[in-house]
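Please treat every number below as a calculation from the coordinates, not as lab data. Note that this is a predicted model, so its numbers are computed, not measured. Here the Cβ is made from the backbone with ideal geometry for all residues, glycine too, and neighbour counts use every protein chain on show.
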Amino acid sequence: MSKTKQRPPDNRTLLVLGAGASIGAAKYPIESSWRQAIANMPSGENFFHDMFFQGKTHTHANRYLNVLGLTSEGVNDLIVRAWAMKNNMEHFDPDEWRQINIEEVFTFLDIGEGMYPQGTQYQRAFRICRRELQEFVTSFLAMKSDGLHCEHLMDIIFRLQPTDSIVSFNWDTIADFTLQRVDCASYGGYLDLMMAEPLQVSDFVHRGVLLKLHGSLNWIICPNSQCRLHGKIRLAAEGRTLLRFMTMHACPACGNNRGRPFTVPPTSQKLIRRGSILHKLWLLAREQLQYCRRIVFIGYSFPTTDFYSEWLFRQIYFMEGSLRRLLSSTQPSRRLRAQLQSVTRVCSEAARSTGSRHWRVSARRDSDS
Ligand SMILES: [Zn+2]
């Protein structure tokens, strides 16, 4: 592990990936028409409707399949009831699932769980539903993105400097596999960071890394209480190679293959425990911000309830850094522009279009100063 002691020049770039970066990703390799048909990534606001969509193959046209009802009937029925989806009481009607926001559902389950004492039937039912929903989401995101990299992101990463970092708020592994494919400095930084024991923030401040601030579906926790890895977050990798979905859950220490992904549920009550690895990653992101000359937002929409990221980007006010510029991959809406101005004082600047609304910034080849 190399450490750089002296203060590096303040010309670093921080790439910030939101849900739109995965939605608009150009995903490769194309392994089968079935995988391609299910490869669309969901948005937070229209989560279930997007999850249920399957593109056409040579055997069927575009269609919607209630994969939640098929795999987690209890969660499906609870949402149908609580959101008063009358048509879905009898049969599956994808239209009623439009605009059901994943964050609202998780928050609903969280509040339900907290309302009654531990051990009561009500509390247990909500806890089980929350866990099942989390399993459903991580498994299906994994099926959609497993082993795939994004050509747009690759194009940008090729132009990054070794000390530039990437912040991702996505659970999927598209950024991970893209970095692995490029095999750039921030990929090595990511592997070292996730395997550091214990993780010292100061070791990584001047290195390019990938910071997945809401966890990741390939960060696995061993459920075996007798195992030395129990309770620890393990990036599913063998040496420098990321493991794929079929092999990622087995614990290398005890062999238990029921490992659970570590992800932060998208609720308005996110809790990041002090001293945890996630807490250190947030602190590291904060430390790195002061050395950034530019922040490039790709498909990130400043969700109003993500108070942690708001805290992070407001840190710019407390730094004497050299931040000159913010770039946004999309033409910011009025709300986003106001939020960007409010959070950072600088208006975002949209780059010209490449055809994909989430990836306009990828066409930018000039070196901005
Ligand atoms: Zn284990």
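Phi-derived couplings, Karplus 6.51 cos²θ - 1.76 cosθ + 1.60 at θ = phi - 60°, listed residue by residue for segment 190-199: 5, 4, 4, 4, 6, 9, 5, 9, x, 6 Hz, with x used for Gly and Pro.
Taking the fewest neighbouring Cβ atoms within 10 Å as the starting point, the ordered list for 30, 23, 298, 174 is 30, 23, 174, 298. Placing a pseudo-label 7 Å from each Cα along the Cα-to-Cβ vector at residue 253 and residue 28 gives an inter-label distance of 3.9 nm. What the Cβ-Cβ distance of residue 99 and residue 225 gives, at R0 = 56 Å and to the nearest 0.05, is a FRET efficiency of 0.85. Under a plain spin-label model, where a point goes 7 Å from the Cα along Cα-to-Cβ, how far apart in nm are residue 65 and residue 203? The two pseudo-label positions are separated by 4.4 nm. Here the extension length gained between residue 73 and residue 314 equals 82.6 nm, from 0.36 nm per residue of separation less the Cα-Cα distance.
For the pair segment 67-109 and segment 218-284, the centres of their Cα atoms are 28 angstrom apart. Amide H contacts for residue 15 (H built 1.01 Å from N in the peptide plane; partners 5 or more residues away or on another chain; cut-off under 5 Å): 165, 166, 167, 296.
Between rounded, prolate and oblate, where does segment 101-140 land on the alpha carbon gyration tensor, with a ≥ b ≥ c its root eigenvalues, rounded for a/c under 1.5, else prolate if a/b exceeds b/c? In terms of gyration-tensor shape, oblate. The equivalent ellipsoid of segment 31-145 has semi-axes of 28, 15, 11 Å, largest first, where each one is the square root of 5 times an eigenvalue of the Cα gyration tensor. If R0 is 45 Å, the Cβ-Cβ spacing of residue 196 and residue 36 corresponds to a FRET efficiency of close to 0.75.
Residue order for 41, 89, fewest other beta carbons within 10 angstrom first, comes to 89, 41.
Counted by neighbouring Cβ atoms within 10 Å, the residues 207, 240 run from fewest to most as 240, 207. Between residue 87 and residue 271, the C-beta separation translates, for a Förster distance of 41 Å, into a calculated FRET efficiency of about 0.70.
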